[in-house]
Every structure is written in structure tokens, then in C-alpha cells.
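Sending over a structure as C-alpha cells; questions will come in a sec.
Rule-based calculations on the coordinates, nothing more; no lab input. Because the structure is predicted, anything quoted here is derived from the model rather than measured. We place every Cβ from the backbone using ideal geometry, glycine too, and count neighbours over all the protein chains shown.
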Ligand code: GAR
């Protein structure tokens with residue numbers, strides 16, 4: 001991996017605020033990476049507009065047009081390989097990836113999740129943290145493994161849970177930390193890749 005910038009793809013499904021945070025970070029001169037493309041599995045994802053404004057090549061691979069998870073993941077894999085991608089960052093990509101796909105990209109596939117893993121894998125993490133009476137909540141960036149929201153942790157950030165929090169206020173506080181955590185985790189991964 002020595003010398004050449006790491007070619008990155010960001011996968012997303014929605015608003016794309018983590019996509020924005022990552023793309024701003026990757027654009028820095030001192031980050032040895034290049035954002036080659038973004039991919040959305042949802043044609044109406046708001047992040048697509050950001051890509052257009054920021055001149056980031058964005059492909060829409062609509063999962064509803066595929067007859068199986070395997071077929072969708074095969075198209076994803078083909079697209080990423082054709083673009084020479086070295087590292088995939090899932091940023092609000094709300095789609096489970098098949099075991100084969102995850103294993104084929106082992107240690108070159110990372111994800112951000114809005115909880116302090118291993119707590120609250122899956123959906124509705126903020127509601128679950130509130131219902132459990134947790135006093136701390138947060139986010140995790142991790143290497144992906146075939147089991148959902150599993151894999152070695154790269155960075156975690158915590159936030160306090162406040163007495164009058166709703167799922168929305170808590171989500172907003174966590175999201176602020178996500179935008180710090182993901183660039184930090186990316187730096188760690190890039191250093192590791194440079195050494196391999
Ligand atoms: C983020 O909170 C991210 O952690 C979460 O979706 C949101 C996407 O926001 N991801 C997951 O829940 C994945 N399991 P964004 O589109 O503004 O980056």
C-alpha cells in the first residue's frame with residue numbers, strides 16, 4: 001500500500017452527514033486518501049445532492065432492482081473493483097451485506113454505528129439507550145464482520161444522556177460525535193494500511 005493514496009468509496013442510504021464529514025476530511029492535503037466515489041442504494045437519498053454539489057462521482061445502485069441480496073452485492077462488488085477501491089466506508093448505509101461480500105473485503109470495510117457497541121446492535125439505538133436508563137451513549141466506528149454491527153472497534157465516542165432527552169435530541173448529540181469519530185477512525189485505518 002506504500003506511497004499511493006488509498007482509494008475510498010463511501011456507501012450511504014440517506015441524509016449523508018457522515019459522508020460529508022468524511023469527504024471534507026479526505027480532501028485535506030495531509031490525508032493520504034482519495035474519495036473516488038460514493039454509492040447510494042436509495043435513489044432519493046439526500047446525500048446524492050451533496051455529491052453533485054461537491055463533484056463527487058455518485059452511483060445509485062437501487063437494491064429494489066435486484067432479485068436477491070447476492071445479486072445486489074455482486075453488482076456492488078463489481079462496481080467497487082472496477083473503480084480500484086481499496087477501502088469502503090459505510091456511512092449510514094442501511095443495508096445488510098452478505099457474508100461473502102464482507103469476507104471478501106475483510107479489513108477494508110468499515111462502518112459507523114450510533115451506539116457504544118457491543119450495546120444496541122441494529123435499529124432504534126437512541127430509544128433503547130433511553131429506555132434502559134443509560135447515563136452514557138455514543139457511537140462506534142468498527143471493522144465489519146459478517147455478523148451485523150460486529151467487528152474490531154476502531155474509535156468510540158461517548159455523550160452524556162440528559163434527563164430531558166428524547167430520541168431526537170440524543171441522536172443529534174451522538175451525530176455531532178460521529179462527525180468527529182469517523183475522520184479520526186479513518187486516520188487510524190490509513191496508518192494501518194500504510195504499514196501493510
Ligand atoms: C448515522 O447516525 C449512522 O450512525 C447511522 O445512520 C445515521 C446516518 O446519518 N447508521 C446506522 O444506523 C447503521 N447501522 P447520515 O446519513 O447523516 O450520515
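So for segment 7-84, Kirkwood radius off the Cα pairs, Stokes-Einstein at 37 °C and 0.692 mPa s: how many µm² s⁻¹?
Working: Rh = 13.0 Å.
It comes out at roughly 253 µm²/s.
Here is a follow-up. Send over the semi-axes of the chain's equivalent ellipsoid, whole angstrom and largest first, taken as the square roots of 5 times the C-alpha gyration tensor eigenvalues. Before the final figure, lay out each step's value.
Working: eigenvalues 138, 75, 57 Å².
Sorted largest first and rounded, they come to 26, 19, 17 Å.
Using Cα pairs closer than 8 Å and at least 6 residues apart in sequence, work out the relative contact order for segment 1-102, in percent.
Details: 160 pairs, mean separation 38.4, N = 102.
38 percent.
Which one, 149, 165, 53, has the greatest fluctuation when you compute a Gaussian network model over the chain with C-alpha springs under 10 angstrom?
Sorting by GNM fluctuation, first place goes to 53.
For the chain, modelled as a GNM with alpha-carbon contacts under 10 angstrom, which of 44, 52, 21 fluctuates the most?
Answer for the Gaussian network model of the chain: 52.
So, one more: So if I take the centroid of the Cα atoms in segment 15-36 and the same for segment 179-196, what is the distance between those two points in Å?
12
Based on alpha-carbon centroids, what's the gap between segment 155-178 and segment 108-127 in Å, whole number please?
Answer, in whole Å: 13.
So what's the angle, to the nearest 10 degrees on a 0 to 90 scale, between helix 17-26 and the longest Cα principal axis of the chain?
It is inclined by approximately 50 degrees.
Still on this structure, please answer the following. Could you check the spin-label model distance between residue 123 and residue 136? Points 7 Å from the Cα along Cα→Cβ, value in nm.
It works out to 2.9 nm between the two label points.
Let me ask something additional. In nm, what is the difference between 0.36 nm times the number of residues separating residue 54 and residue 29 and their Cα-Cα distance?
Numbers: separation 25, 0.36 × 25 = 9.00 nm, distance 1.67 nm.
Full-extension gain reported as 7.3 nm.
Follow-up. Going by how many other beta carbons lie within 10 Å of each one, how would you line up 67, 184, 147, fewest first?
Working: 67 7, 184 13, 147 10.
Ranking 67, 184, 147 by Cβ neighbours within 10 Å, fewest first, gives 67, 147, 184.
Here is a further query. Just need the Rg to Rh number for segment 139-183, please, alpha carbons only, Kirkwood Rh.
Working: Rg = 12.2 Å, Rh = 11.6 Å.
A ratio of 1.05.
Can you tell me the orientation of helix 69-82 relative to the chain, as the angle in degrees between its alpha-carbon axis and the longest Cα principal axis, to the nearest 10?
60
If one takes the longest principal axis of the Cα atoms in the chain, at what angle in degrees, from 0 to 90 and to the nearest 10, does the Cα axis of helix 167-194 lie?
Computed tilt is about 40 degrees.
Exposure proxy check: 64, 79, 125, 166 ranked by fewest other beta carbons within 10 Å? Don't jump to the answer; show the numbers that get you there.
Values: 64 8, 79 15, 125 24, 166 12.
So the ranking, lowest neighbour count to highest, is 64, 166, 79, 125.
Considering Cα pairs under 8 angstrom that are at least six residues apart, work out the relative contact order of the chain and quote it in whole percent. Display every interim value, and only then the final one.
On the way: 359 pairs, mean separation 41.8, N = 196.
The normalised contact order for the chain reaches 21 percent.
With contacts defined as alpha carbon pairs under 8 Å and 6 or more residues apart, what's the relative contact order of segment 76-191 in percent?
Taking the mean separation of contacting Cα pairs over the length of segment 76-191, I get 23 percent.
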